[in-house]
Amino acid sequence: EVEALSEKGAWYDLLRLFAVTLADLRQIQPLFSENKTIQHTIYWLHTSALFAYANTGKLDGYKTQINTLQSLPNHTQERSLFESALIDSSLQLYEYLAREKQFEEAILFAGGLEDLLKNNRAWGRNLATLYNLWAIDRWQQQDWPGVVDVLDEYYAQPYQDKNDPTARKNLANAYRNWLGVYLSTADWAGAKSVINSCTDKKTTAFACTE
């Protein structure tokens, strides 16, 4: 039933289901401490709740579910599943928050996941997706300095996706479009300020030459 509701995107139905079943499962879990299949299934059901909270934007519920997962007796053995669920469900949470224009909340929330995921190879890609969602929102408003500010912030933090050229390309194009605004009106002082803004930044100076 959990998989069927997830495929339908019936997230609120899932939350109601989990509200009834998860507490009961935690109570009976010690009775099956030797049964690895049951232990794994109970843990998996708890990770599934992360996706329901993510797709309904319930940050407090998401945080509580993380704490619950960490308290389960088989958490250490299920560490790989835990991290995978956090990576995938947090991406869905970022998308939800992006639709609501809650980008700063998303950045703060991601910061709370850092200690849990910073050693996971997918963490850089996770953050790149979040910052690119924010940059796209600024891009759609033709807010070129805004795009630059968002992606500057991305490149200033230590976790980046080295294999994803999207942020790099978006930053270079944002500078180009920003420069074009001043060139189109022959505002040479403004154009120079954009060039200086690009060349003066050590972490993103590459954008000036692309």
Coil-residue chymotrypsin sites (Phe, Trp or Tyr not before Pro) of the range 148-204, DSSP, other Cβ within 10 Å capped at 16: Tyr159
Using 10 Å bins from zero, what percent of all Cα-Cα pairs in the range 74-131 falls into each bin? 23, 54, 19, 3
On a 21 Å Cα-Cα criterion, which of the cross-link pairs Lys8/Lys58; Lys118/Lys201; Lys162/Lys201; Lys162/Lys202; Lys169/Lys201; Lys58/Lys101 come out too long? Lys118/Lys201
Report, ordered by chain and residue number, the lysines lying within cross-link reach of Lys36, taken as a straight Cα distance under 27 Å and ignoring same-chain residues fewer than 8 apart. Lys63
Note to self: C-alpha centroids of the range 174-192 and the range 78-144 sit apart, in Å, by 32
In the range 1-104, the GluC sites (Glu not before Pro) that fall in loop regions by DSSP, at most 12 other Cβ within 10 Å: Glu1, Glu34, Glu100
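Each reported figure results from applying straightforward, stated rules to the coordinates on display, with no laboratory input. If you're wondering where the values come from, they're calculated on a predicted model, not measured in any experiment. All Cβ positions, glycine included, derive from the backbone under ideal geometry; neighbour counts span all protein chains shown.
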